[in-house]
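Take a look at this one; I'll ask things after.
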Amino acid sequence: MKLKRILKWSSGLVVLALVLWLFIAYWMSTNDCNRNAAAPSNPMKAIRYCEYGSPDVVKLENVEKPVPNDNQVLIKVRAASLNALDAYLIRDSWLGRLMFGLRKPRDTRLGRDVAGQVEAIGKSVTQFKPGDEVFGLCRGTLAEYAVAFERALVIKPASVSFEQAASLPIAGLTAIQGLREGKIQPGQKVLVNGATGGVGTFAVQVAKSFGTEVTAVCSTRNVDLVRSIGADHIIDYTKEDFTKGDQHYDVLFDNVCNHSFFERRRVLTPKGICVLAGMGGAGVKGSEAIGRIASNLFTARGLSAFTDQKFAQYITKMNKEDLIMLADLIQEGKLRPVIERTYKLNNAPEALRYLAEGHARGKIVITTE
Ligand SMILES: NC(=O)c1ccc[n+]([C@@H]2O[C@H](COP(=O)([O-])OP(=O)(O)OC[C@H]3O[C@@H](n4cnc5c(N)ncnc54)[C@H](OP(=O)(O)O)[C@@H]3O)[C@@H](O)[C@H]2O)c1
């Protein structure tokens, strides 16, 4: 009797401690929006979001110009590009709150892809000097200035524009690294599902540059676009389901992941690889995204362990050689970044609103001048 009562009390205490911990964690999770009420001493314009919500929460504000650490480079941003990630960061979803801040977003900056001029360098930086034109990855690129680690930047070739260079990092790396996960070989048949977004337009062209035969899946309005970037075959997903066709593919590069494991297996060759790149772009709803992530994880880590057809999941990583390879492909005329719209920094909220609709064609670029 006594033991039962002790157990009851202790489990009650555990629940109470958990609730208290959640409550404290929730209130402690804040950002610098209210703290930095004083006017910045060395101001620059930057895009910030202090709350989760619609793209209306995104504002252009005066903030403190960043100062590079020893191994960082201060970049005068000339162009930045948006990715599906930027739309997910703003959106109010419980998964987003768990990852990016329970009550408010921890990091109020937006933008990852950057191209610009080196303004200043930290004292340990050896590969760059002021005036160099660079591109790569860092945080808070929707701003007049951003700081990047030396390891996350490469020199921009003169013949590649700032807009083109800014379109490359996340989407281009996702395409190239995903196709590598698919062990792509010349002469193979590759299908790109979701061929018209930021990642898809690069995946089609990079796959073509490997000497493969590419089938692009897109909607009716984008048929001409995928043809113009070199797709050999086109499947309009509003009229035809590619998983019901007779064709088999060595690599299925899936940006959308809107078909089951068995449906996708059906159209893979016996040793084919399905690369699980994404889950439908910036427009996919929070609950839908969670379902697709969970089923992809189960597919990649569970189901596909028992078959010769593999389902590969990966997280895109910064890689200088890959960025250089993408810029080289542009210079060789084998890659043409598809930039659907370019917005000025003060119109970034409008750009994010458009991206969040989920029907962007290629990349959306933000320029500072
Ligand atoms: N693995 C990683 O580390 C990694 C890195 C970066 C991105 N990603 C993921 O990759 C995915 C694609 O990113 P993104 O930048 O390309 O997104 P995006 O630019 O927002 O994608 C939008 C495109 O998706 C197409 N689309 C939407 N529903 C479709 C469907 N049912 N079938 C075919 N196409 C469809 C749209 O075409 P329509 O207008 O014709 O519908 C639109 O062109 C995202 O889920 C993103 O999170 C993953």
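The values are calculated or read from the model by the stated rules, or taken from the named source; none is laboratory data. All of these numbers come straight from a predicted model, not from anything done at the bench. As a convention, Cβ positions derive from the backbone with ideal geometry for all residues, glycine included, and neighbour counts pool all protein chains shown.
Output the residue which, of all residues in the range 111-138 that are of a type in the set (D, E, K, R) and surrounded by fewer than 16 Cβ atoms within 10 Å (Cβ to Cβ), is farthest from the chain's Cα centre (by Cα). Give the steps one after another, and end with the answer.
Taking the range 111-138 and keeping what is of a type in the set (D, E, K, R), we get 112-113, 119, 123, 129, 132-133.
Filter once more, keeping what is surrounded by fewer than 16 Cβ atoms within 10 Å (Cβ to Cβ): 123, 129.
Working: LYS123: 31, LYS129: 28 Å.
Applying the filter and picking the extreme gives LYS123.
Taking the stated definitions as given, is ALA80 outside any helix (DSSP H, G or I) and more than 26 Å from the chain's Cα centre (by Cα)?
Values: outside any helix (DSSP H, G or I): yes; more than 26 Å from the chain's Cα centre (by Cα): no.
No, not satisfied.
Considering only residues that are of a type in the set (Asp, Glu) and closer than 11 Å to LEU191 by Cα, look in the range 211-243 and name the one that is surrounded by the fewest Cβ atoms within 10 Å (Cβ to Cβ).
ASP232
Yes or no, residue by residue, for (1) touching a Leu at 6+ places or on another chain (Cβ under 7 Å); (2) in a loop (DSSP other than H, G, I, E, B); (3) surrounded by 19 or more Cβ atoms within 10 Å (Cβ to Cβ); (4) among the β-branched types (Val, Ile, Thr):
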| residue | (1), (2), (3), (4) |
| --- | --- |
| ALA282 | yes, yes, yes, no |
| GLY291 | no, no, no, no |
| LEU297 | no, no, no, no |
| PHE311 | yes, no, yes, no |
| ASP328 | no, no, no, no |
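Still on this structure, I have one more. Could you check ALA360 against (1) within 15 Å of the ligand (Cβ to nearest atom); (2) farther than 30 Å from THR108 by Cβ and say which number it fails?
Every listed condition holds for ALA360 apart from (2).
Residue by residue through the range 244-276, note down the ones that are of a type in the set (Ser, Thr, Tyr) and surrounded by fewer than 19 Cβ atoms within 10 Å (Cβ to Cβ). First the steps, then the outcome.
The first filter runs over the range 244-276 and keeps only residues of a type in the set (Ser, Thr, Tyr), leaving 249, 260, 269.
SER260, THR269 - these are the residues of the range 244-276 that are of a type in the set (Ser, Thr, Tyr) and surrounded by fewer than 19 Cβ atoms within 10 Å (Cβ to Cβ).
Pull up the range 139-180, narrow it to residues that are small (Gly, Ala, Ser) and surrounded by fewer than 24 Cβ atoms within 10 Å (Cβ to Cβ), then point me to the one that is nearest to the ligand (Cβ to nearest atom). Show your work before the answer.
Just the residues of the range 139-180 that are small (Gly, Ala, Ser), to begin with: 140, 143, 146, 148, 152, 158-159, 161, 165-167, 171-172, 175, 178.
Okay, now just the ones that are also surrounded by fewer than 24 Cβ atoms within 10 Å (Cβ to Cβ), so 140, 152, 158-159, 161.
Values: GLY140: 18, ALA152: 15, ALA158: 27, SER159: 25, SER161: 20 Å.
If we take residues in the range 139-180 being small (Gly, Ala, Ser) and surrounded by fewer than 24 Cβ atoms within 10 Å (Cβ to Cβ), then ALA152 is nearest to the ligand (Cβ to nearest atom).
Next question. Please enumerate the residues belonging to the range 52-77 that are assigned to a loop (DSSP other than H, G, I, E, B), free of Cβ contacts under 8 Å to residues at least 60 places away in the same chain and surrounded by fewer than 16 Cβ atoms within 10 Å (Cβ to Cβ).
Applying the first criterion (assigned to a loop (DSSP other than H, G, I, E, B)) to the range 52-77 yields 52-54, 65-71.
Subsequent filtering for residues that are free of Cβ contacts under 8 Å to residues at least 60 places away in the same chain retains 52-53, 70.
Correct list: GLY53, ASP70.
I'd like the full set of residues that are within 17 Å of the chain's Cα centre (by Cα) and within 12 Å of the ligand (Cβ to nearest atom), limited to the range 281-295. Full working, then the answer.
Pass one, the range 281-295, residues within 17 Å of the chain's Cα centre (by Cα): 281-286, 289-290, 292-293.
Answer for the range 281-295, where residues must be within 17 Å of the chain's Cα centre (by Cα) and within 12 Å of the ligand (Cβ to nearest atom): GLY281, ALA282, GLY283, VAL284, LYS285, ALA289, ARG292, ILE293.
Restricting attention to the range 94-104, does a residue exist that is touching a Lys or Arg at 6+ places or on another chain (Cβ under 7 Å), of a type outside the set (Gly, Ala, Ser) and surrounded by 16 or more Cβ atoms within 10 Å (Cβ to Cβ)?
Of all residues in the range 94-104, those touching a Lys or Arg at 6+ places or on another chain (Cβ under 7 Å) come to 100.
If we keep only those that are of a type outside the set (Gly, Ala, Ser) too, we end up with 100.
Imposing the further condition that a residue be surrounded by 16 or more Cβ atoms within 10 Å (Cβ to Cβ) reduces the set to 100.
Scanning the range 94-104, I find at least one residue that is touching a Lys or Arg at 6+ places or on another chain (Cβ under 7 Å), of a type outside the set (Gly, Ala, Ser) and surrounded by 16 or more Cβ atoms within 10 Å (Cβ to Cβ), so the answer is yes.
Given the residues THR238, THR269, which is the only one that is of a type in the set (S, T, N, Q), at pLDDT 95 or above and more than 9 Å from the ligand (Cβ to nearest atom)?
Details: THR238 fails: more than 9 Å from the ligand (Cβ to nearest atom).
Answer to the check: THR269.
May I ask you to say which residue of GLY197, GLY245, GLY230 is touching a Lys or Arg at 6+ places or on another chain (Cβ under 7 Å) and modelled with pLDDT of 95 or more?
On the way: GLY197 fails: touching a Lys or Arg at 6+ places or on another chain (Cβ under 7 Å); GLY245 fails: touching a Lys or Arg at 6+ places or on another chain (Cβ under 7 Å).
Result of the check over GLY197, GLY245, GLY230: GLY230.
Given the conditions (1) more than 23 Å from LEU179 (Cα to Cα); (2) out of contact with any strand residue (DSSP E or B) (no Cβ under 8 Å at 6 or more places or on another chain), and given that GLU369 satisfies all but one, which numbered condition is not satisfied?
(2)
Out of TYR354, TYR343, which single residue is farther than 19 Å from VAL206 by Cβ, modelled with pLDDT of 95 or more and touching a strand residue (DSSP E or B) at 6+ places or on another chain (Cβ under 6 Å)? Before the answer, list the steps.
Working: TYR354 fails: touching a strand residue (DSSP E or B) at 6+ places or on another chain (Cβ under 6 Å).
None of the other options fit; the residue is TYR343.
May I pose another question? Looking at (1) surrounded by fewer than 19 Cβ atoms within 10 Å (Cβ to Cβ); (2) under 17 Å from the mean Cα position of the chain (by Cα); (3) more than 14 Å from the ligand (Cβ to nearest atom), find the lone condition where ILE315 falls short.
The failed condition is (3).
Then there's this: Across the range 85-94, what is the total count of residues that are within 13 Å of the ligand (Cβ to nearest atom) and part of a helix (DSSP H, G or I)?
Looking only at the range 85-94, we keep the residues that are within 13 Å of the ligand (Cβ to nearest atom), and these are 85-89, 91.
Checking the rest, the ones that are also part of a helix (DSSP H, G or I) come to 85-89.
Matching residues across the range 85-94 total 5.
If you don't mind, there's one more thing I want to ask. Does PHE253 fit the bill of being of a type in the set (Phe, Trp, Tyr) and outside any helix (DSSP H, G or I)?
Details: of a type in the set (Phe, Trp, Tyr): yes; outside any helix (DSSP H, G or I): yes.
Yes: the conditions hold for PHE253.
Next question. Only one residue in THR108, THR30 is surrounded by fewer than 18 Cβ atoms within 10 Å (Cβ to Cβ) and more than 16 Å from the ligand (Cβ to nearest atom), so which one is that? Give the derivation first.
On the way: THR108 fails: surrounded by fewer than 18 Cβ atoms within 10 Å (Cβ to Cβ).
Among THR108, THR30, only THR30 is surrounded by fewer than 18 Cβ atoms within 10 Å (Cβ to Cβ) and more than 16 Å from the ligand (Cβ to nearest atom).
For ASN258, all conditions in the list (1) more than 26 Å from ALA305 (Cβ to Cβ); (2) within 9 Å of the ligand (Cβ to nearest atom); (3) in a loop (DSSP other than H, G, I, E, B) hold save one; what is the number of the exception?
(1)
Another question about this same structure. When you scan the range 306-317, do you find a residue that is free of Cβ contacts under 8 Å to residues at least 40 places away in the same chain and within 26 Å of ARG361 (Cα to Cα), even just one?
The first filter runs over the range 306-317 and keeps only residues free of Cβ contacts under 8 Å to residues at least 40 places away in the same chain, leaving 306, 308, 310, 313, 315.
Then drop every residue that is not within 26 Å of ARG361 (Cα to Cα), which leaves 313, 315.
Within the range 306-317, one or more residues are free of Cβ contacts under 8 Å to residues at least 40 places away in the same chain and within 26 Å of ARG361 (Cα to Cα).
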